[in-house]
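Trainee: Dropping the structure in here first, questions after.
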Amino acid sequence: MIVSGVFGGGGINKIMRFVKLSIVCVVVALVAIASIKALANSPDTRNVSTPVTVLELFTSQGCSSCPAANKFVRELDGAPDLLTLSYSVDYWDYLGWKDTFGKPEFSEHQRTYGKQFGGKVYTPQMVINGEIHAARFTRKKVRTLKLDNIPDIRIKARDDGIDVQITPQSWLDKNWTVTAVRYRPGIQSVPVKRGENSGRTIKLANVVQACKEIGKIGGRESFSTQIKSLQPGEALVILVQDGKGGPILSAANFVP
């Protein structure tokens, strides 16, 4: 009687329809929430490229020979399949100007290459694919060496960090090093007030913020690790090299 009074005739059927509709609404809401969470936690593999040429420039704001090389690299930046990276070394700081981007780890990275090149370390020094070096290259020469990009590198950005996975190549015996390079894409300008470049504004492309070896691959094993998330404005390059400071075998560039 109460049901009939509230819902009129056929009150039970109306209640059942109401309950079913409520259940459907709840299910739809739960599915939507789950989808949003899955999207938020799913890896982001977009914006990952595989350059075939990697040019690393070792430079210094306190070196009077470097601005021309800096300009050359700036003009190359953005070319298809080419990645340029500018490392500021710190060993010229005693000349009167402390490089604002310089870090000991960048000088050490250059010295590691130097051991493969017969101990030659200087600025400006350009290294292409970890194989050849010079103070200056022609544009044609820069594109001469190309990476095979074996092994395959996967970079997946998540909310809690960045996954790095390197696909094993079972037929290869390996002695590889894996390096993570964080850099700031675009051009950075620094007015120099002392030293050899006093009064000049130094402009650098793709300034490296950090360079760290994150692992080794030996035998026939695969590689997987997670590194901390990027800071705003940063990008990430993963380099796989044949031994420490050896030729670059593969590279992956992630720009959020």
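Trainee: Given the criterion farther than 28 Å from Y91 by Cα, modelled with pLDDT of 95 or more and out of contact with any Phe, Trp or Tyr (no Cβ under 8 Å at 6 or more places or on another chain), identify the matching residue among A180, A252.
Mentor: The conditions single out A252.
Trainee: crowded, with 16+ Cβ neighbours inside 10 Å and either free of Cβ contacts under 8 Å to residues at least 60 places away in the same chain or in contact with a Leu (Cβ under 6 Å, 6 or more places away or on another chain) (or both): does that describe N70?
Mentor: yes
Trainee: Let me ask another. Give the range 234-256 a look and list any residue that's on the phi > 0 side of the Ramachandran plot and in contact with a strand residue (DSSP E or B) (Cβ under 6 Å, 6 or more places away or on another chain), or say none.
Mentor: Across the range 234-256, the qualifying residue is only G243.
Trainee: Go through the range 200-224 and count every residue that is assigned to a strand (DSSP E or B), modelled with pLDDT of 95 or more and surrounded by fewer than 19 Cβ atoms within 10 Å (Cβ to Cβ).
Mentor: Total satisfying the criteria: 7.
Trainee: So, in the range 198-221, how many residues would count as being in contact (Cβ under 8 Å) with a residue 60 or more places away in the chain, farther than 18 Å from E105 by Cα and basic (K, R)?
Mentor: Counting residues in the range 198-221 that are in contact (Cβ under 8 Å) with a residue 60 or more places away in the chain, farther than 18 Å from E105 by Cα and basic (K, R) gives 2.
Trainee: Going by what's in this entry, would G118 be described as closer than 19 Å to I248 by Cα and modelled with pLDDT of 95 or more?
Mentor: no
Trainee: What number of residues within the range 106-116 are more than 20 Å from the chain's Cα centre (by Cα) and surrounded by fewer than 17 Cβ atoms within 10 Å (Cβ to Cβ)?
Mentor: Counting residues in the range 106-116 that are more than 20 Å from the chain's Cα centre (by Cα) and surrounded by fewer than 17 Cβ atoms within 10 Å (Cβ to Cβ) gives 2.
Trainee: Answer yes if at least one residue in the range 96-107 is touching a Lys or Arg at 6+ places or on another chain (Cβ under 8 Å), assigned to a helix (DSSP H, G or I) and touching a residue at least 40 places away in the same chain (Cβ under 8 Å), and no otherwise.
Mentor: Within the range 96-107, one or more residues are touching a Lys or Arg at 6+ places or on another chain (Cβ under 8 Å), assigned to a helix (DSSP H, G or I) and touching a residue at least 40 places away in the same chain (Cβ under 8 Å).
Trainee: Given V73, V52, which one is at pLDDT below 95 and of a type in the set (A, V, I, L, M)?
Mentor: V52
Trainee: Return yes when P191 is surrounded by fewer than 18 Cβ atoms within 10 Å (Cβ to Cβ), within 30 Å of P232 (Cα to Cα) and not charged (D, E, K, R) and no when it is not.
Mentor: For P191, the condition - surrounded by fewer than 18 Cβ atoms within 10 Å (Cβ to Cβ), within 30 Å of P232 (Cα to Cα) and not charged (D, E, K, R) - is met.
Trainee: Could I ask something else about it? Might you check whether a residue that is surrounded by fewer than 14 Cβ atoms within 10 Å (Cβ to Cβ), at pLDDT below 95, assigned by TED's automatic domain parsing to the domain that holds P247 and not hydrophobic (A, V, I, L, M, F, W, C) occurs anywhere in the range 95-105?
Mentor: The answer is no; no qualifying residue exists.
Trainee: For the range 232-256, what are the residues that are touching a residue at least 40 places away in the same chain (Cβ under 8 Å) and in a loop (DSSP other than H, G, I, E, B)?
Mentor: Correct list: G233, E234, G243, K244, G245, G246, P247, V255, P256.
Trainee: Looking at R143, R194, R154, R139, can you tell me which residue is on the phi < 0 side of the Ramachandran plot, at pLDDT 95 or above and assigned by TED's automatic domain parsing to the domain that holds G243?
Mentor: R194
Trainee: Answer with yes or no whether K71 is under 15 Å from N197 (Cα atoms) and either outside any helix (DSSP H, G or I) or assigned by TED's automatic domain parsing to the domain that holds I150 (or both).
Mentor: Here the answer is yes, as K71 does meet what is asked.
Trainee: Pairs needed: first member in the range 119-140, of a type in the set (D, E, K, R); second member anywhere, modelled with pLDDT of 95 or more and in a loop (DSSP other than H, G, I, E, B); C-beta distance under 7 Å; at least 6 residues apart or different chains.
Mentor: E131/P247
Trainee: Checking G5 against (1) surrounded by 16 or more Cβ atoms within 10 Å (Cβ to Cβ); (2) modelled with pLDDT under 95; (3) among the small types (G, A, S), which test does it fail?
Mentor: Among (1) surrounded by 16 or more Cβ atoms within 10 Å (Cβ to Cβ); (2) modelled with pLDDT under 95; (3) among the small types (G, A, S), G5 violates only (1).
The values are calculated or read from the model by the stated rules, or taken from the named source; none is laboratory data. These numbers come from a predicted model, not from an experiment. Neighbour counts are summed over all protein chains in view; Cβ atoms, including those assigned to glycine, are modelled from backbone coordinates with ideal geometry.
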